[in-house]
Amino acid sequence: MSSIRLPLVAGALAAAWLSSSCGGDEPSEPTGIIQGSYATDINDQGQVVGYVATATGRIAFLWTSAAGMTALPSLGGMSWNVASGINARGQVVGSSEIGTVVVGPGEIRTVVHAFIWTAAAGMTDLGTLGGTTSSAEDINYGGRVVGSARTTADKLHAFVWTAGGGMTDLGTLGGTRSRAHGVNGTGEVVGESETASGESHAFLWTPQGGMTDLGTLGGEFSEALDMNDLGQIAGWAESASGPHACVWAVGGATTDLGTLGGASSFASGINEAGQVQQLAAWPTSVHWVAR
């Protein structure tokens, strides 16, 4: 999408690495979150979405220059309500608690569903792929939503949702799980999926060609987080020295964006000019840079 993501600095490195190397399961927050407000996305009109972390849960918000910060409603639950994406039409997507379920002796799981919110219609539950939970991460101008949801076999799979067609399972790269993170204006989707060998690789999904493995920089893991309408994809891939921010170009060529002298970096957003939002680890600190 053309807007730039605003992921959480404090936990972005750990979250990106753990979600792929450990097979991220239920929608979860980055490591190290403290109470406060966190922006997750901004559209071309300057509208910002995110959530406020409190001692008892998460409250989704929409911020505009005219109205300031406004809390969004939930799907019924109170402990988890997170806005993850907003398009140029002001449609907001994310995940919201609908209740809890007992999954084992003394173990209770918070059940969240993906949602789309509009000023006119309010909250709409997008459902699941037959399982218990789902989470939406991005939405394009046409209202196409992407994220991940549990299947009837209790596996987490990437999905595309449209108002006319509902939720569609995008499958995997041969493994048991996948997650979609971004969708561009033409409906192409990027994310990460487990492969048949148990690795976790970035993927590109298109309506015509299905899911394609984007590979790595020589390691076992990679993750695609955003894509512009030109087909350029931003994310990260494991190299010999650690995870590095990278860009996959049209045709499959991969460019390693390097670091600021540290061992790791992650690219989380790319705009229509090909400018990349990158989080790079310097020897003693973390910095945002634009490439």
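The values are calculated or read from the model by the stated rules, or taken from the named source; none is laboratory data. Bear in mind the structure is a predicted one, so any value in this text is a computation, not a measurement. Cβ: placed from backbone, ideal geometry, glycine included. Neighbour counts: every protein chain shown. Areas reflect the complete protein model, heavy atoms only, side chains present, ligands, DNA and RNA absent. Shrake-Rupley method; radii C 1.70, N 1.55, O 1.52, S 1.80 Å.
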Sparsely packed chymotrypsin sites (Phe, Trp or Tyr not before Pro) within region 115-154, loop by DSSP, other Cβ within 10 Å at most 11: none
Heavy atoms of Arg179 accessible to a 1.4 Å probe, total area in Å² rounded to 10: 30
For peptides 186-199, 147-160, 64-77, sequence by mean Cβ density within 10 Å, most packed first: 147-160, 186-199, 64-77
Distance in nm between Ala39 and Asp229 label points, each 7 Å along Cα→Cβ, equals 2.3
By how many nm would the segment from Val102 to Thr56 grow when fully extended, if each residue of separation counts as 0.36 nm and the alpha-carbon distance is taken off? 14.6 nm
Over the Cα atoms of region 175-291, each weighted equally, I'd like the Debye log10 I(q)/I(0) at q = 0.16, 0.17 Å⁻¹, rounded to two decimals. -0.67, -0.75
Subtract the Cα-Cα distance of Arg89 and Thr151 from 0.36 nm times their separation in residues, and report this length gain in nm to one decimal. 19.3 nm
Along each principal axis of its Cα atoms, how long is region 132-237 end to end? Whole angstroms, biggest number first, please. 39, 36, 22
What is the extension gain from Met78 to Asp125, computed as 0.36 nm multiplied by their sequence separation minus the C-alpha to C-alpha distance, in nm to one decimal? 15.4 nm
Rounded to whole angstroms and listed largest first, the alpha-carbon spread of region 31-165 along its three principal axes comes to 49, 38, 26
Distance cut-off 20 Å, percentage of C-alpha pairs in region 84-144 lying past it: 32
